[in-house]
């Protein structure tokens, strides 16, 4: 670990000289990726570690779009401050790629393994104003640029002292891309995260990543990738790029970010627009586009990813109701609210989905029922080669009795059989 003073004009000058050297020698220059900004940054005693408790564990997600390239991550820089009383803190940093976009609950940890440790060491933070602390990775992390990057900090100190803070960015309403836990007496096992977090948060540490870009990548990633949903089964992708050929892939968002789960559009696309078809309704998707720099050399840019969700094409009916016919236990009339444009429906009695009743009107009269018999009924809409989900069941018992009011001064009402 090395600490840099702030500002860092000497470091920037060194990076400029390195870039000149790489241009002369053909080596690929290391690039600095900064995520978040110190301008307007807040302070957080939870991230990346919490010194107020003997042990703490945090995970933070940085998206592929924020990183913007594939390559080997050689170091991570964070902005920390503390006080003269802070002790030396032993900790480990883990890095993995993930398709997770945010943490949905306080148990939504990403499991890591011991082989995912990229740095293990100590840090002592005595400066009272934020300074840059750079951790050179003992195991540089090879990042594909396809998934998001998860960075975990496991504080194994075993004692506590107030004072440690990190610079963070993020605004209320943003996705919860950080999760943290802290406790005394016992440490955490990141390889078996069955524990409940203290909380999730939209705040994340301002960081810098030093990355050696992957070989190839002779052209830039597409920018401004947008998915415009046309209907329940199609969406159009548009993007900006100066390249003239592209690869496109998509998958259901619920599937892991593994290559076998992505569906590739056959051939190189020669325009900055493409419509995905045959999608499933009411489904979240990921789509990604990369530029083809030189297909013969296998040279491609990194992927640019966008997320979208198709709507429901055939919504379920609601407000299912039944009306009985006095004195006729063989019939009952069902009615419902149609929430789409369906003109035909299916009715299921007593959950017997093997013998559905076709309905072409709303309301619809059921006939040939057995009087004094309990029934349940549910309805679904019929679309173009698809169906809505079922309504909830409604219960009723048709009867041959009449409902009459007896005006004998007792205000007694009731069914009278015939």
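Tabulated data for the structure shown
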| quantity | calculated |
| --- | --- |
| Relative contact order for region 318-404, counting Cα pairs under 8 Å that sit 6 or more residues apart, in percent | 36 percent |
| Mean-position separation - Cα centroids, region 297-353 and region 60-92, in angstrom | 48 Å |
| Relative contact order [Cα under 8 Å, 6+ residues apart], the chain, whole percent | 15 percent |
| Ordering of 327-333, 277-283 by burial proxy (mean other Cβ atoms within 10 Å per residue, highest first) | 327-333, 277-283 |
| Net length gained if the chain between residue 395 and residue 87 were fully extended (0.36 nm per residue, minus Cα distance) | 104.0 nm |
| Computed over region 2-213: relative contact order in percent, which uses C-alpha pairs under 8 Å that are six or more apart | 38 percent |
| Histogram of C-alpha separations across region 268-379, 5 Å bin width, % | 2, 8, 14, 14, 11, 8, 6, 6, 6, 6, 6, 5, 3, 2, 1, 1, 0 |
| Degrees separating the helix 9-25 axis from the principal Cα axis of the chain, which is the longest one | 90 degrees |
| Percent of Cα-Cα distances greater than 20 Å, calculated over region 223-309 | 31 percent |
| Residues 304, 380 arranged by fewest to most Cβ contacts within 10 Å | 380, 304 |
| Sorted by Cβ density within 10 Å, fewest first, the residues 375, 246 | 375, 246 |
| Hydrodynamic radius of region 62-179 per Kirkwood, over alpha carbon pairs, in Å | 15.7 Å |
| Hull-based mean projected area of region 318-404, where the convex hull spans the alpha carbons, in square nanometres | 5.7 nm² |
| Helix-only CD estimate at 222 nm, as mean residue ellipticity for the chain, using -39500 (n - 2.57) per DSSP H run (n ≥ 4) | -1500 deg cm²/dmol |
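Read the figures in this text as sums done on the coordinates, not as results from a lab. Source: prediction; values computed, not measured. In this analysis, Cβ positions are derived from the backbone assuming ideal geometry, glycine residues included, and neighbour counts consider all displayed protein chains.
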